[in-house]
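The values are calculated or read from the model by the stated rules, or taken from the named source; none is laboratory data. Computed from a prediction, not measured in an experiment: that's the story for all the values here. Reconstructed Cβ throughout: ideal geometry from the backbone, glycine too, with neighbour counts over all protein chains shown.
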Amino acid sequence: MILAGIDEAGYGPTLGPLVVSVSYFRVPETGPASDCGSAGSPDLWKLLQAAVCRKPDGLRAPVDDSKKLFHQEKGLRDLEEGALPFLCVRSGVVPRTLRSLLRTVANRGEEDAGSAAPDSYLDAYPWYRGRDVDLPLDTFANVVHRRARSLAGALAECGVEFLGMAACPVEVIEFNRGLLETENKALVSFRAVTGFIHALWKAYPDEAVDVLVDRQGGRMRYARHLYDRVSPRSIRIEEETEEISAYLLRRPSQGARSTFRVTFATGCEERCLAVALASMVSKYVREAHMALFNRYWREHQADLKPTAGYSTDARRFLADILPLRARLGIDDSVLVRRR
C-alpha cells in the first residue's frame, strides 16, 4: 500500500515562495492504525518509534507539524535533523546547498517544462541569481547521517519503504500569474497539490494508494477539482464534513487492491507522519529561500532587519528597502505577491 502526505508552507506571506510538498511510503496494511485516512493506513510514528519522535530528544529524527519544530532561537536545526535523514535514506547523501536540494526534490509541474534544471527558476530573481546557500544551515551533516542510519534500520525492521519526497516551490512570478488566471489564492496552492495527486495516480496503478492532505484554505468540497485534474473513471464521495473530506477515485480498470483514496483533513499534519514530513520539507525549502533573500538585501543595506515575509513585517521590510529598490530597479512583479 502506498501512503502519501501533502502539505504546504508559505500560503499567507507577502514575500517569498509558497512551497507545496509530498512524502510517500510503501507500508504494510497491518499494524497500529492511524486516525486519519483509510482503515488500512498505519501509524508510522508508532512503527518507526525506534528512530523517530515527535518532540526532539537529541537522539531520534523529530517529525511533527513544522510550526512546532521551527523556533527562532534554534533556527532550522529540528527541521534539518528530522527531514534530511529521510532524504539521506533515499539518496544516500545530504544535500550540501539549496540548489543541490532543489535538484533532488524540486518538482514544479508545468513550470518545469523546458527548464534546464529544477533550480533554474531561481535565476529570474536578483536575490537568487548566481547565488547559493550552504546546507545544513543549523546542524551538522554527520548528525544527519547518524539519524539516517538509525532510520534505515527502523524502516527495514517494520517493513516500511520510504519512496521519496518532492517539493513544488511557487515563487512570486508564478504565484502572481496563477492569481491572474484564477483570482483565487487557494487554487494556486491546490494546483500544486493536485499535480502531486495526479503523479501518484500515474505512478502506482496496481497498488492501493492512500493520499492524505492538510485541508486547503477552508474548502470542504474537492470532487470537481479532483475529477478535472486527475481524470478518474468516477469519484465516490465518502465524506464531506467540516473536518474531513474523503474521496474514492475509481480507475478505468480497477482491481481489488488498486483503490485510490484521497482525504483532506484539518490538522492532518498532527495525525499522519507523511503529512507532517511534507510540512517540514515545505517549511525548510521556504526558509532556505528566505535565507538567500535576506542575505541579498543585507549585502546592500547592512543594518536591515531580516524578514520572514509575512504580511505585517513584510510591510515594514518593503518600507525599509523602498529607496534601495528604486536604486536597484527591483520591480514589484518579482518581489511582492498580489495577495
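Structure data summary
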| read-out | value |
| --- | --- |
| Residues satisfying the stated conditions in segment 228-277, i.e. farther than 20 Å from residue 29 by Cα, small (Gly, Ala, Ser) and either free of Cβ contacts under 8 Å to residues at least 60 places away in the same chain or surrounded by fewer than 19 Cβ atoms within 10 Å (Cβ to Cβ) (or both) | 231, 234, 245, 253, 267 |
| Unmet requirement for residue 23, which otherwise passes all of (1) in a loop (DSSP other than H, G, I, E, B); (2) modelled with pLDDT of 95 or more | (1) |
| Only one of 186, 117, 203, 199 that is among the small types (Gly, Ala, Ser) and touching a residue at least 40 places away in the same chain (Cβ under 8 Å) | 199 |
| Filter result for residue 91 (over 14 Å from the mean Cα position of the chain (by Cα), small (Gly, Ala, Ser) and under 18 Å from residue 168 (Cβ atoms)) | no |
| Residues of segment 265-291 that turn out to be touching a strand residue (DSSP E or B) at 6+ places or on another chain (Cβ under 6 Å), farther than 10 Å from residue 5 by Cα and not basic (Lys, Arg), as a count | 4 |
| Condition broken by residue 75, with the remaining ones in (1) at negative phi; (2) at pLDDT below 95 satisfied | (1) |
| Residue 282 within 17 Å of residue 226 (Cβ to Cβ) and among the polar types (S, T, N, Q) | no |
| Any hit, segment 30-39, residues being assigned to a loop (DSSP other than H, G, I, E, B) and modelled with pLDDT of 90 or more | no |
| Checklist (1) basic (Lys, Arg); (2) in contact (Cβ under 8 Å) with a residue 12 or more places away in the chain; (3) assigned to a helix (DSSP H, G or I) applied to residue 298, failing item | (2) |
| Among the candidates 108, 99, residue that is at pLDDT below 90, crowded, with 18+ Cβ neighbours inside 10 Å and under 16 Å from residue 285 (Cβ atoms) | 108 |
| Residues that are part of a helix (DSSP H, G or I), under 27 Å from the mean Cα position of the chain (by Cα) and exposed (fewer than 15 other Cβ atoms within 10 Å of the Cβ), drawn from segment 308-339 | 311, 312, 315, 332, 333, 334 |
